[in-house]
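J.: Mind having a look at this structure? Questions to follow.
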Amino acid sequence: MAESIIIRVQSPDGVKRITATKRETAATFLKKVAKEFGFQNNGFSVYINRNKTGEITASSSKSLHLLKIKHGDLLFLFPSSLAGSSSEMETSTSVGLKAFGAPNVVEDEIDQYLSKQDGKIYRSRDPQLCRHGPLGKCVHCVPLEPFDEDYLNHLEPPVKHMSFHAYIRKLTGGADKGKFVALENISCKIKSGCEGHLPWPNGICTKCQPSAITLNRQKYRHVDNIMFENHTVADRFLDFWRKTGNQHFGYLYGRYTEHKDIPLGIRAEVAAIYEPPQIGTQNSLELLEDPKAEVVDEIAAKLGLRKVGWIFTDLVSEDTRKGTVRYSRNKDTYFLSSEECITAGDFQNKHPNICRLSPDGHFGSKFVTAVATGGPDNQVHFEGYQVSNQCMALVRDECLLPCKDAPELGYAKESSSEQYVPDVFYKDIDKFGNEITQLARPLPVEYLIIDDFHSLATYLSQNTSSVFLDTISDFHLLLFLVTNEVMPLQDSISLLLEAVRTRNEELAQTWKKSEQWATIEQLCSTVGVQLPGLHEFGAVGGSARAATSAMWACQHCTFMNQPGTGHCEMCSLPRT
């Protein structure tokens, strides 16, 4: 019997071992390679050298011994789409991960744009430290990488988390271009298909057992900044709390754009806040089933918007005469409670970040969490957060529970006969300054949060469009026009949505002349008031001019007053 030999074959998907004999023909060997890698017989090429020289052809007359292929040799396989090129395999920065990723997925436009950017931080010549000419470079003026920690720490304010695309550049910035790095999602579940023992709880082995998790503070974040397009978006959302004192919840609709203050950063621009059916009290929120959820997403898509996050209030009035609120979320208490972290993790799992560099086609999430709460000056502040990928995995696999009496603590479940839960640890500093590892029962939620976005800015945009386009450019008003029971306009509103999306005044005026809008105007004039339900879907994200013609907020106590009054009904101070 001929002596068996093992030949290694390297492909973009990894290395596999093929068992053969010295007298085996090249054609027979290539058939084994095709079967092992799942190729057709002519869908690949195998070379002796990495630079694609010494191709092994499917010859029936040449044996492996004649081709001088010995036991343990390494051959190189290239798919037919790559075989025709004589250049190196892939040399671009991010392509190093492509062999492990899912190249068929379509990433978001902002991710495609940032992946093509240089991203380096260019510095001008230092007149004191640089001793070279204007065309030279030295250590004091050479461009920095986007993940340079010293640069990020010296920004004002300091940036604790690099951007996600900067993190990718860091992984792929070495000599191997990230060839052996993969963005793998964490799994806390037992791997299926293990046949060497009985299923859990009667058996488990190291092959199917999930690894223990040690929580680390995530070094990157998927979104670096949140911005409201205008102040009315946030003010109208706060009106509910101002009128009732109850907490409120809403979905953020907007788009992702480049955030230029941070290298390769991403900004979530909020254009509208949709408030779904809910029951709110002074200290709790309960979401109800939303029959209009699909319609809302459809309208948002036609406007060029998408769901980018969620927002909720945690406001307690401290002094109604001064208009101040209680400052309750800080480093001495908590920034997000364990229940809020679990809710944020659930939302992020439902809105994954499409990523071609992950074998699963997705990695992390760009879905953000915004909180309207009291700040250090006892005024309403907006804070933005995300939870880490580790928290997303613990929530997805149902391994994390909140603590009832301590909102700043979570609790990692223990294994039971129904579910195996891997051990979860976190690192802490003891009273002697030593780093120790603690079991996450309980767990400080600060290990799950990516906090302190660079700034949660509010941007006041100047709208120069006509009065009609300015008034109609309102997400909730458009939603009412589509869903009202008197005259739904779902089949005839596409032109108006296009006008709002492109800010085209002519298209808006054209739609205004349609029979549908004339009927709406006639109904309003006949009834003498707004159509039923219009108050429920009141304008959010409309113009400042439309807001001032209705209710107005007191500058001293923020109470919402009826139009036409010159003094605040709450504090009796003048309007101006």
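The values are calculated or read from the model by the stated rules, or taken from the named source; none is laboratory data. Bear in mind the structure is a predicted one, so any value in this text is a computation, not a measurement. Reconstructed Cβ throughout: ideal geometry from the backbone, glycine too, with neighbour counts over all protein chains shown. Heads up: the accessible areas ignore ligands, DNA and RNA and are worked out on the full protein's heavy atoms, side chains in. Shrake-Rupley method; radii C 1.70, N 1.55, O 1.52, S 1.80 Å.
J.: With a ≥ b ≥ c taken as the square roots of the eigenvalues of the C-alpha gyration tensor of region 127-177, please select rounded if a/c is under 1.5 and otherwise prolate if a/b is larger than b/c or oblate if it is not?
T.: oblate
J.: Continuing with the same structure: For region 310-449, what is Rg from Cα atoms divided by 2.2 N^0.38 Å, rounded to two decimals?
T.: Cα Rg divided by the expected 2.2 N^0.38 Å: 1.21.
J.: Using packing as a proxy for protection, rank 47-53, 237-243 so that the peptide with the highest average count of other Cβ atoms within 10 Å comes first. Write out the running numbers ahead of the final one.
T.: On the way: 47-53: 13.6, 237-243: 19.3.
The most tightly packed comes first, giving 237-243, 47-53.
J.: With every protein chain left in place, what is the accessible area of THR333 in Å² (1.4 Å probe, nearest 10)?
T.: Probe radius 1.4 Å; accessible area of THR333 about 60 Å².
J.: Kindly report the accessible area of region 1-62 per residue (heavy atoms of protein chains, probe 1.4 Å, no ligands, DNA or RNA), in Å².
T.: 63
J.: Another question about this same structure. Using alpha-carbon positions, what is the distance between the centroids of region 226-294 and region 307-327, in Å?
T.: 13
J.: Reachable lysines from LYS512, Cα under 29 Å, same-chain residues fewer than 8 places away excluded?
T.: Straight-distance partners of LYS512: LYS292, LYS302, LYS307.
J.: Skipping prolines and chain starts, which residues have an amide H placed within reach, meaning under 5 Å, of the one on THR313, given they are 5 or more residues away or on another chain?
T.: The answer is HIS248, ALA372.
J.: Continuing with this model, one more query. Tell me whether region 330-371 comes out rounded, prolate or oblate; compute the Cα gyration tensor, take square roots of the eigenvalues as a ≥ b ≥ c, and use a/c under 1.5 as the rounded threshold.
T.: It is prolate, given that a/c is not under 1.5 and a/b is the larger ratio.
J.: If you don't mind, another one. Measuring from centroid to centroid over Cα atoms, what is the spacing of region 1-65 and region 388-402 in Å?
T.: Centre-to-centre (Cα) distance: 45 Å.
J.: Assuming a strict under-28 Å limit between Cα atoms, what lysine pair count do you get for region 124-214 once near-sequence pairs (fewer than 8 apart, same chain) are dropped?
T.: 11
J.: Further, regarding this structure: Taking the simple approach of a point 7 Å from Cα along Cα-to-Cβ for both ALA293 and GLN112, what is their distance in nm?
T.: 2.8
J.: Given region 183-266, report the % of alpha carbon pairs whose separation exceeds 14 Å. Working shown, then result.
T.: Numbers: 2724 of 3486 pairs.
Value for region 183-266: 78 percent of Cα pairs lie more than 14 Å apart.
J.: Per residue, how large is the accessible surface of region 228-321? Use a 1.4 angstrom probe and give square angstrom. The partial results should precede the final answer.
T.: Working: 4030 Å² over 94 residues.
That works out to 43 Å² per residue.
J.: Between HIS140 and ASP360, 0.36 nm times their residue separation minus their Cα-Cα distance comes to what?
T.: Full extension of this stretch gives 75.1 nm more.
J.: Taking the Cβ of THR320 as the centre, find all other residues whose Cβ is under 15 Å away and add up their charges (Lys, Arg: +1; Asp, Glu: -1). List each step's numbers first, then the result.
T.: Working: positive: ARG242, LYS243, ARG321, LYS322, ARG326; negative: GLU318, ASP319, GLU569.
Net of charged neighbours comes to +2.
J.: In nm, what is the difference between 0.36 nm times the number of residues separating ARG50 and LEU439 and their Cα-Cα distance?
T.: 135.3 nm
J.: Let me ask you something else. Using r as the Cβ-Cβ distance of GLU195 and SER415, and R0 as 22 Å, what FRET efficiency do you calculate, to the nearest 0.05?
T.: On the way: r = 22 Å, r/R0 = 0.99.
Here the calculated transfer efficiency is 0.50.
J.: Based solely on C-alpha atoms, express the radius of gyration and the Dmax of region 140-242 in angstrom.
T.: 22.3, 63
J.: Which three extents, in angstrom, do the Cα atoms of region 306-389 have along their principal axes, listed largest first?
T.: 56, 28, 17
J.: Using 1/(1 + (r/R0)^6) with R0 = 30 angstrom and r between the beta carbons of LYS120 and GLN10, what's the FRET efficiency to the nearest 0.05?
T.: It comes out at approximately 0.40.
J.: Accessible area of region 297-373 with a 1.4 Å probe: how many percent of it is carbon plus sulfur?
T.: Looking at region 297-373 in its full context, I get 48 percent from C and S.
J.: Also, I was wondering about something else. So for each of 351-358, 366-373 I average, over its residues, the number of other beta carbons within 10 Å; can you give me the resulting order with the highest mean first?
T.: The densest-packed peptide leads the list: 366-373, 351-358.
J.: Order the peptides 147-153, 5-11, 187-193 from the highest to the lowest mean number of other Cβ atoms within 10 Å of their residues.
T.: Result, highest mean Cβ count within 10 Å first: 5-11, 147-153, 187-193.
J.: Filter the GluC sites (Glu not before Pro) in region 331-432 to those in DSSP coil with at most 14 other Cβ atoms within 10 Å of their Cβ, and list the result.
T.: GLU398, GLU414, GLU418
J.: Continuing with the same structure: Say R0 is 41 Å: what FRET efficiency, to the nearest 0.05, do ASP377 and THR244 get from their beta-carbon distance?
T.: Numbers: r = 24 Å, r/R0 = 0.59.
Once rounded, the FRET efficiency stands at 0.95.
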